[in-house]
Amino acid sequence: MSYRDEIAQAVAAAAQLPAAEVAAMLETPPSQEMGDFALPCFKLAKTLRKAPPMIADMLKESVTLPPAVERVESVKGYLNFYLHRAQQVRDALAPVRALGEAYGHSQEGQGRTVCIDYSSINIAKRFHIGHLSTTVLGHALARIYTAMGYKVVSINHLGDWGTQFGKMICAYKKWGNRQMIEEGGIQAMTELYVRFDQEAQKDETLLDEGRAWFKRIEDQDPEAMEIFTWFKEITLKDAMRVYDMLGITFDSYAGESFYIDKMGRVIDELTAKGLLRDSDGAKVVDVGEDMPPYLILKKDGATLYATRDLAAALYRKDTYDFAKCLYVVAYQQNLHFRQLFKVIELMGYPWYKDMEHISYGMVSYEGQTLATRKGHVVYLDDLLARAVEKAAAIIQEKNPDLPNKEQVARQVGIGSVVFTTLFNSRIKDIDFWWDRALNFDGETAPYVQYCHARCCSLLRKGGGAPAGEVDYSLLDDESSLAVAKLIASFPETVTDACHRGEPFLITRLSVALAQAFNRFYLDNRILVEDPAVTAARLALTDAVRQVLRNALYLLGVEAPEAM
RNA sequence: GCGCCUGUAGCUCAGUGGAUAGAGCGUUCGGCUCCGGACCGAAAGGCCACAAGUUCGAUCCUUGUCAGGCGCGCCA
């Protein structure tokens, strides 16, 4: 039984109320000095016809304290319960010591699959800061869901379909050559595309040629396909560099083009179910009063992004039999996903409830909208490179003798970018500024990593974590207790992060834990004469090390043992 | 025009139907003969956008107003 339930039962007996009702009333006080659980007595005032402070006083006298509770106080209408510290600390640390890397994991998802659609890059476009949120969020969610026991299918839903690819091939045939693309990569492809747009303004017949090339892709014409596939490979190779740096892999790269032969089924099914309606020559599905109709087929019979997303959803359900299907996509597309899920519901599939749009805020650069064409953009490899460079410079200054300096610089620099991206709730817009992005002070990855490295250092000096049982009653000071409480809250935080689709909860916890440990470190000398005290403090240090490491792992951030 | 989202310290953001609304950055002051100073302590800084309502109690819930962002058929 949990502490909460024990206390609720004791109070319920004294106040003659249902235990469940009391349990729901119990809350956590705002600060540690006010105890571990509090019962606000205001609600009871009406039924008991007494002032809240009096009720609290009475309950204080009449309640039989459960063994875990050391004492109870009546303060301004609150009944505050204080747990025995040694027991709290033991309850916090013992599971970490026992479970190690598995601390924070759960069995919730046992036997269930979750599809996570994230990153989903466009062909022939360079990876930039606009792709950071989906990539980093999706990766963190993949790790969090895995920790929760789910089987995760990571899907990079490539943007590899559309008339722009016809234009690009047309431009390539006219002005490009193999060598120029091999050497220039995506940048060269982008330049070709820009040139096409410019020339097409002067000569409209180019647009027809572009359309013709796209038709050839649709018809699987060998020459068109060869070039198209090659462009795709170059784009993916470039993206793979970034994914490697971030430690990200995907289970599937089935993008839009993968679904071109799977849309007929969708159209047939929508027609058979009477959902498709003609509207100005196009085909739409009505999705209710509160949303505009969902456009499925263009006037000319061509499919749309929506059609492909619908086909993809059905395919994923068939192929993976997912318990959940997540789409990590910016909030711009809120309406689109609401419509998509509604159509699936109208098709009669109960699993529409398992679809979730993990939406996040927009990215701008120094107050302005990102604009690739104007060069008003920051590319991800540049950002990561500069972060690593800065980390390397700091190492050179502070710790020049550190072995594997390059590796640590990568862990810190890249970790810093990832951590910052996962620091706030998803919905917040992000305005990118270089000085902010490269800030290593305060609530950042290096702060948490430093604390972790310091724990490792202490453990090295102290001969490692104590093997056997330690005397937890030696950890009865305020700062030890604060650390223990945060450690104890980690599994619940992971669960919350999963259910809310909000990795930042874990990011924040890692900072709070590092802060609490720094306080503990200031208050207590860890390696002391008394072996029992040293063992107890090292046990706490090792638990902090483990939880920080586990937390950072879930975020996709590495934890170097020295830095 | 309609819909969704956001509004909390100078800046970036947490937060909760309940006790004194928190953190980082920035600013000011202070701390290594001592286990890692990429650290720590302290101070200053708030009409929780505004107004009504519900409630014993609202920054939180409801409604309205204002400001900003996004979206609203043949792009993705």
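Computed from the coordinates by the stated procedures, all read-outs in this text should not be read as laboratory data. Here the structure is a predicted model, which is why all the values come from computation and not from measurement. Cβ atoms come from the backbone with ideal geometry, glycine included; neighbour counts cover every protein chain shown.
Does anyone have the angle between helix A:222-246 and the longest principal axis of chain A? Alpha-carbon axes, 0 to 90°, nearest 10?
20
Where does helix A:380-398 land angle-wise versus the long Cα axis of chain A, in degrees 0 to 90, nearest 10?
Once rounded, the angle reads 40 degrees.
Along each of the three principal axes of the Cα atoms of region A:150-209, give the extent in whole Å, ordering the values from largest to smallest.
Between the extreme Cα coordinates on each principal axis of region A:150-209 lie 55, 26, 14 Å.
Can you give the FRET efficiency to the nearest 0.05 for A:GLU478 and A:GLU233, using r as the Cβ-Cβ distance and R₀ = 60 Å?
0.55
Using a simple spin-label model with points 7 Å from Cα along the Cα→Cβ vector, what separation in nm is obtained for A:GLU70 and A:ALA371?
6.3
Treating the angle as unsigned and between 0 and 90°, give the value, to the nearest 10°, between the Cα long axis of helix A:504-523 and the longest Cα principal axis of chain A.
So the inclination is approximately 40 degrees.
Do the alpha carbons of any pairs in A:LYS215/A:LYS283; A:LYS283/A:LYS324; A:LYS273/A:LYS298; A:LYS125/A:LYS173 sit beyond 26 Å of each other, and which pairs?
Table pairs above 26 Å Cα-Cα are A:LYS283/A:LYS324.
Just the number, please: percent antiparallel of the DSSP beta bridges in chain A, rounded to the nearest 5.
That works out to approximately 55 percent antiparallel.
Over the alpha carbons of region A:3-83, what is the largest minus smallest coordinate on each principal axis, giving the biggest first in Å?
Largest first, region A:3-83 extends 30, 23, 21 Å along its Cα principal axes.
Which aspartates and glutamates does A:LYS428 reach when only Cα atoms under 15 Å apart count, and residues fewer than 8 places away in its own chain are ignored?
Reachable aspartates and glutamates: A:GLU502.
Sorted by mean Cβ packing within 10 Å, highest first, what order do the peptides A:271-280, A:486-495, A:527-536 take?
A:486-495, A:527-536, A:271-280
A:ASP197 to A:THR319: FRET efficiency via 1/(1 + (r/R0)^6), r the Cβ-Cβ distance, R0 45 Å, to the nearest 0.05?
0.75
At A:ASP382 and A:ASP261, where each label point lies 7 Å from the Cα along Cα→Cβ, what is the point-to-point distance in nanometres?
4.1
Apply 1/(1 + (r/R0)^6) to the Cβ-Cβ distance of A:ALA98 and A:LYS273, taking R0 = 56 Å, and write down the FRET efficiency to the nearest 0.05.
After rounding, the FRET efficiency stands at 0.55.
In a solvent-free Debye calculation with one equal scatterer on each Cα, what is log10 I(q)/I(0) for chain A at q = 0.09, 0.11 Å⁻¹, listed in the order of the q values?
Relative scattering, expressed as log10 I(q)/I(0), comes to -0.84, -1.09.
Given +1 on the Cβ of Lys and Arg, -1 on the Cβ of Asp and Glu, and no further charges, what dipole in debye does region A:3-83 carry about its Cα centre, rounded to the nearest 20?
Around 420 debye, computed over region A:3-83.
Per the helix-only calculation at 222 nm, which mean residue ellipticity applies to chain A, given -39500 (n - 2.57) for every DSSP H run of n ≥ 4 and division by its residues, nearest 500 deg cm²/dmol?
Using -39500 (n - 2.57) per qualifying helix, the result is -18000 deg cm²/dmol.
Only four residue types carry charge here, +1 at the Cβ of Lys and Arg and -1 at the Cβ of Asp and Glu. Report the dipole size of chain A about the Cα centre in Debye, rounded to the nearest 20.
For this selection, approximately 380 debye.
In terms of Cα to Cα distance under 23 Å, which lysines are near enough to A:LYS60, apart from those fewer than 8 places away along the same chain?
A:LYS43, A:LYS46, A:LYS50, A:LYS76
Run the simple label-point estimate for A:GLU345 and A:GLU492 please: 7 Å along Cα→C-beta, distance reported in nm.
Here the answer is 3.2 nm between the modelled labels.
Setting aside same-chain residues fewer than 8 positions from A:LYS461, which lysines have a Cα under 22 Å from its Cα?
Cα-Cα hits under 22 Å: A:LYS398, A:LYS405.
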